[in-house]
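Novice: Structure incoming, see below.
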Amino acid sequence: MEQVKVQHDPKGQRFFVTLEGTEATLAYQKGEGTMDLTHTYVPPEVRGRGIAEKLCEAAFAYAKAERMRVVPSCPYISGAFLKRHPEYGAQCE
C-alpha cells in the first residue's frame, strides 16, 4: 500500500487525501458524543490503492482520541470496511 497523507479538516468535517490532482474524502457529522461517518468517496482514477481504508483508519483514530462513538452511516464503512476490520466495531453504535 502506498504512503498517503490523510489530512483532517475539522471545520469542513472531513478527512481527505490529495493524490494525482484529485481528492478522496470521508465526510462526517459530529453529534453529542458521536461522530457519524456519512460518506466516503475515492475518485475512480485512484481507486484500488487502499485510500478509503486509510481515510477510515484516520477517522476511527480521531474518534477514539476524542472519546466519541462512531455511527457508520456510510455503506462502505458499515459494510466492506468493518467486515475487513472487525476490531473497529467496538467503537460503533
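Novice: Please go through region 50-71 and pick out each residue that is of a type in the set (D, E, K, R) and under 17 Å from residue 7 (Cα atoms).
Specialist: Taking region 50-71 first, the residues of a type in the set (D, E, K, R) are 53-54, 57, 64, 66-67, 69.
Those that are of a type in the set (D, E, K, R) and under 17 Å from residue 7 (Cα atoms): 53, 54, 57, 64, 66.
Novice: I'd like the full set of residues that are in contact with a Lys or Arg (Cβ under 6 Å, 6 or more places away or on another chain) and either touching a residue at least 60 places away in the same chain (Cβ under 8 Å) or under 19 Å from residue 79 (Cβ atoms) (or both), limited to region 8-61.
Specialist: Across region 8-61, the qualifying residues are 25, 27.
Novice: It is to be established whether one or more residues within region 9-28 are of a type in the set (Lys, Arg) and either under 13 Å from the mean Cα position of the chain (by Cα) or loosely packed, with under 13 Cβ neighbours inside 10 Å (or both). Spell out the reasoning first.
Specialist: Of the residues in region 9-28, the ones of a type in the set (Lys, Arg) are 11, 14.
With the extra rule that they be either under 13 Å from the mean Cα position of the chain (by Cα) or loosely packed, with under 13 Cβ neighbours inside 10 Å (or both), the set shrinks to 11, 14.
Within region 9-28, one or more residues are of a type in the set (Lys, Arg) and either under 13 Å from the mean Cα position of the chain (by Cα) or loosely packed, with under 13 Cβ neighbours inside 10 Å (or both).
Novice: Can you tell me which residue among 37, 55 is touching a helix residue (DSSP H, G or I) at 6+ places or on another chain (Cβ under 6 Å) and among the aliphatic types (A, V, I, L, M)?
Specialist: Values: 55 fails: touching a helix residue (DSSP H, G or I) at 6+ places or on another chain (Cβ under 6 Å).
Only one candidate qualifies: 37.
Novice: Pairs please, first residue from region 72-83 and under 12 Å from residue 55 (Cα atoms) and free of Cβ contacts under 8 Å to residues at least 60 places away in the same chain, second anywhere and among the small types (Gly, Ala, Ser) and surrounded by 14 or more Cβ atoms within 10 Å (Cβ to Cβ), Cβ atoms under 9 Å, 6+ apart in sequence or on different chains.
Specialist: Cβ pairs passing all conditions: 76/52; 77/52; 77/59; 81/52.
Novice: Filter region 35-87 down to residues that are surrounded by fewer than 21 Cβ atoms within 10 Å (Cβ to Cβ), among the small types (Gly, Ala, Ser), more than 9 Å from the chain's Cα centre (by Cα) and on the phi < 0 side of the Ramachandran plot, then give me how many there are.
Specialist: Of the residues in region 35-87, 6 are surrounded by fewer than 21 Cβ atoms within 10 Å (Cβ to Cβ), among the small types (Gly, Ala, Ser), more than 9 Å from the chain's Cα centre (by Cα) and on the phi < 0 side of the Ramachandran plot.
Novice: Working only within region 26-46, note down all residues that are within 14 Å of residue 60 (Cα to Cα) and among the hydroxyl-bearing types (Ser, Thr, Tyr).
Specialist: 28, 34, 38, 40
Novice: Which number in (1) under 18 Å from residue 87 (Cβ atoms); (2) at pLDDT below 95; (3) of a type outside the set (Lys, Arg) marks the one condition that residue 52 misses?
Specialist: (2)
The values are calculated or read from the model by the stated rules, or taken from the named source; none is laboratory data. Here the structure is a predicted model, which means the values were calculated and not measured. Note that we place each Cβ from the backbone using ideal geometry, even for glycine, and neighbour counts take in every protein chain shown.
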